[in-house]
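First the structure, in the form of structure tokens, and then the observations on it.
Only the coordinates and a few stated rules stand behind these numbers; no lab work does. Treat the numbers as computed from the prediction; the structure is a model and nothing was measured. Here Cβ is always computed from backbone atoms with ideal geometry, including for glycine, and neighbour counts include all displayed protein chains.
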């Protein structure tokens, strides 16, 4: 009987996951339907526009890879929001954490000139992650020690990060008119997929040639992002650390009674969240731009909030949230080529966020009603 | 069918289905005009469901309702209110920042034009409160007044809306003993004025003390309706549970051993930084239960929080087995084999959104076999949880169910299961049976006694004097943060304790703390 119960419960679990997934999917469909109205305002055909959107995101192998490329920083900033959220914290600071990580990695990428790749690259990435982690950990520490509201402190640290890295850092370090730090050494660069066919090791793969297209921009940070999501999932649901984080997130009084230090959990989630945001920045610097560049943050920190919410702040869900926004970004480009103004593309993205958020409320309502019916 | 004239309410063959459960199964429930009628039953027996059907909050699947002899069909609370049925919910439906008056007239405001006529509203509230002896400051904001006062505001609200039949859903669960006495006075005065009262409870003493008739529900069915004067508390308990229940705690003489827990001149402040515990000294020996009696708010909460490492100790010493634990945090204290049943199970005792597995290891999650090197061992946790569910008879959906979906009694059993299964040498039990049904109370009391007999020391705090008296071997009385006396439980009674608790006859003696 026990076995049956467990199986039933697993099934319930799967069912509830499917419901969540279905609700996210539904909200996307509804958003696209409402988007038709806005496309019509621009005298374009919605059919052409959505065809372009689809083609741009998934129309060819390289388009798909570029969708993955665009989703990489979004997955990571999504995780940077999702993890602290599980411990009851709102991390608005992924933007600043990403900038600090990108800047630190970018600098580490060019100041060490004689390191072998297998040391230089991991070192640069770790430095980037550490910079992000410290930038996230600081508001976590302030929250734990003094109860400072993390929303305010992370927003303030965003401004400081912009001033520190872009306004001061780049101007101090740049060697050309390009608003960027000097280009990184090849030894610090993340492997780009388009280089695979000519790569001494990876080029030996039998299918290496499929990456022969200079338009492919995907690099290894995507793989790191997926690994990061899996690690965070593991931490959150399989370790005592994650157990404590979730306990604090649900009920910090109860957690405290259970001998858990809420402040410590809060600090650790913010530290880890900052680290993944830092990895997003490091990836952009070491994989996409090959230097720390002004404007490379592109609002990823804030889009990450939407990504996390679409993914139900579940680390694996965040991967899908990131892919969705990556696809919208990548396909949106093609939509622009088809004559739809970029503002409309932005509107459609905003609609997706809007409907995901409102359908979350629907879900809560459904659950409330179910509880009302089921429990005396 | 013949209708007797004097029935204000008749509910016949009410059935209400929820997915998988018959919450009400052919329930019959009749109330005479002008009586106080107690509706009793264990948690989950269907009391609240029946009242929600009556109040129009649930649609019934079958059955008929007659009000004043006429068949009625209630579509929602407004229909019930229009008929003259008022409900005082367990969790008050009040708006915190508004005043008592504003809350009472809310939704039905006397106006001059479009503006609320404050004077008229106040007069009306005053009129009602004087008529029924419901004294409450009409201008006070809800958030500033006590729970008892808030309840009065709720009662006035239902009367203001013209209620003739008042339903109270566990009205005493949130009240102190004094407030309960006052509430019963209000009941009497309402009855004198011709109102009819239905109150839901599972406290048998209250049923005996105030009701005229009793209807008992068990497993969704109406078992019996009896005249209160014809039955004893034991009879009612048996009807509720379906078997004989021991209301009296059965225990043998204590056999105290060595000193296990010692508190020396402990001082603790409350959230507003005002001294709440002012120099408490206590000793508990192995194999004895030391009860602490006191009116709530005399420092008990702060005392327990300090002893369990949740609240900062200003000065004084706490020792377990002669080991100084004054500076220990909550986790370190647990590791000294000190278990704790907290007074507020929803706020402290459980993570309501965690399932049973995750709750049953709270505080012990970093110990083997539940985890190793920081990795949770969910297989071991599942086995352990199942063992506890069976052993402590925790009902409500199995180990994957969330704690919030359990009834209060089962939530409390879950906490008891968790804390007792670690085989503690010292146990701090704070309100261990608050809001718990008779069957669970019996079970929890037995467990506490069993711990004692196995040689554990127990510190018991309860607002329920009879619980303190029946469980404890010695009783310390706390008043305004000080222990005013320590008595042998067999040589004292409620009367003496009541006097000590209110500080009425005792000069606080000893040091002159405070101003």
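What is the distance in Å between the Cα centroid of region B:104-139 and that of region B:451-500?
44
Using the basic label-point model (7 angstrom from Cα toward the beta carbon), what is the residue A:212 to residue B:235 distance in nanometres?
9.7
For every helix of n ≥ 4 consecutive DSSP H residues, a contribution of -39,500 (n - 2.57) applies; sum these over chain B, divide by its total residues, and give [θ] at 222 nm rounded to the nearest 500 deg cm²/dmol.
It lands at -9000 deg cm²/dmol.
Just tell me how shielded B:347-353 is by partners: mean number of partner chain Cβ atoms within 10 Å of each residue's Cβ, no decimals. Mind showing how you got there, number by number?
On the way: counts 4, 7, 5, 5, 14, 3, 6.
So the per-residue partner count for this stretch is 6.
Distance in nm between label sites at residue A:226 and residue A:164, each 7 Å beyond Cα in the beta-carbon direction?
Here the modelled spin labels are 3.3 nm apart.
R0 = 51 Å: FRET efficiency of residue A:237 with residue B:64, Cβ-based, nearest 0.05? Mind showing how you got there, number by number?
Details: r = 51 Å, r/R0 = 1.00.
Efficiency, rounded to the nearest 0.05: 0.50.
Could you rank the peptides B:118-124, B:294-300 by their average count of other C-beta atoms within 10 Å per residue, with the highest value first? Mind dumping the intermediate values first?
Values: B:118-124: 16.3, B:294-300: 21.3.
For the peptides B:118-124, B:294-300, the packing ranking is B:294-300, B:118-124.
Quick check: residue separation of residue B:178 and residue B:108 times 0.36 nm, minus the Cα distance between them. What number comes out in nm? Write down the numbers at each step before the final one.
Values: separation 70, 0.36 × 70 = 25.20 nm, distance 3.21 nm.
Stretched out fully, the residue B:178 to residue B:108 stretch lengthens by 22.0 nm.
Sequence gap at least 6, Cα distance under 8 Å: using those rules, report the relative contact order of chain B to the nearest whole percent. Don't jump to the answer; show the numbers that get you there.
Numbers: 1012 pairs, mean separation 74.7, N = 515.
Normalised by residue count, the contact order of chain B is 14 percent.
Over chain A, what relative contact order in percent results from Cα pairs under 8 Å that are six or more residues apart?
On the way: 692 pairs, mean separation 129.2, N = 376.
Over chain A, the number comes to 34 percent.
Which residues does a label at residue B:189 reach in region B:196-231, if reach means a backbone N under 17 Å from a point 7 Å past the Cα toward the Cβ?
Residues B:196-197 fall inside that zone.
Provide, in order from the shortest bin, the percent of all Cα-Cα pairs of chain B in each 10 Å bin, continuing until the bin that contains the maximum pair distance.
The distribution over chain B is 4, 17, 25, 25, 18, 9, 2, 0, given as percents.
How many partner chain Cβ atoms sit within 10 Å of a residue's Cβ in peptide B:393-400, on average, as a whole number?
Values: counts 0, 0, 0, 1, 4, 5, 4, 7.
Other-chain Cβ atoms within 10 Å of each residue's Cβ, averaged: 3.
Which length gain, in nm to one decimal place, applies between residue A:118 and residue A:316 when the Cα-Cα distance is subtracted from 0.36 nm times their residue separation?
Working: separation 198, 0.36 × 198 = 71.28 nm, distance 2.87 nm.
That works out to 68.4 nm of additional length.
Most fluctuating residue of A:117, A:278, A:311 in a GNM of chain A with Cα springs under 10 Å: which is it?
Of the options given, A:117 has the highest mean-square fluctuation.
By per-residue mean of other Cβ atoms within 10 Å, what is the highest-first order of B:167-173, B:138-144? If you can, show how the numbers build up before the last one.
Details: B:167-173: 22.1, B:138-144: 14.7.
Packing proxy ranking, top to bottom: B:167-173, B:138-144.
Quote the FRET efficiency, to the nearest 0.05, computed for residue B:312 versus residue A:151 with a Förster distance R0 of 22 Å and r equal to the Cβ-Cβ distance.
Values: r = 27 Å, r/R0 = 1.25.
Between residue B:312 and residue A:151 the formula returns 0.20.
Angle, helix B:408-420 long axis vs. longest principal axis of chain B, Cα atoms, 0 to 90°, nearest 10?
The two axes meet at around 0 degrees.
What is the packing order of peptides B:103-115, A:197-209, taking the mean over residues of other C-beta atoms within 10 Å and listing the highest first? Numbers along the way, then the final one.
Values: B:103-115: 14.1, A:197-209: 11.2.
Answer by packing, highest mean first, reads B:103-115, A:197-209.
Any idea what angle helix B:438-453 forms with the longest principal axis of chain B, computed on alpha-carbon atoms, 0 to 90 degrees, nearest 10?
Once rounded, one gets 10 degrees.
Let me know the mean shielding of A:247-253 by other chains, meaning the per-residue number of their Cβ atoms within 10 Å of its Cβ. Numbers along the way, then the final one.
Working: counts 8, 1, 2, 7, 10, 1, 8.
Average neighbour count from other chains, rounded to a whole number: 5.
Round to the nearest 0.05 the FRET efficiency obtained for residue B:243 and residue B:12 when R0 = 25 Å and r is the Cβ-Cβ distance.
On the way: r = 28 Å, r/R0 = 1.13.
Here the calculated transfer efficiency is 0.30.
Run the helix sum for chain A: -39,500 (n - 2.57) per DSSP H stretch of 4+ residues, divided by residue count, reported at 222 nm to the nearest 500 deg cm²/dmol. Could you put the intermediate results ahead of the total?
Numbers: 13 runs with 263 residues, N = 376.
That calculation yields -24000 deg cm²/dmol at 222 nm.
Return the distance in nm (one decimal) between the two label points of a simple spin-label model at residue A:36 and residue A:51, each offset 7 Å from Cα along Cα→Cβ.
1.6
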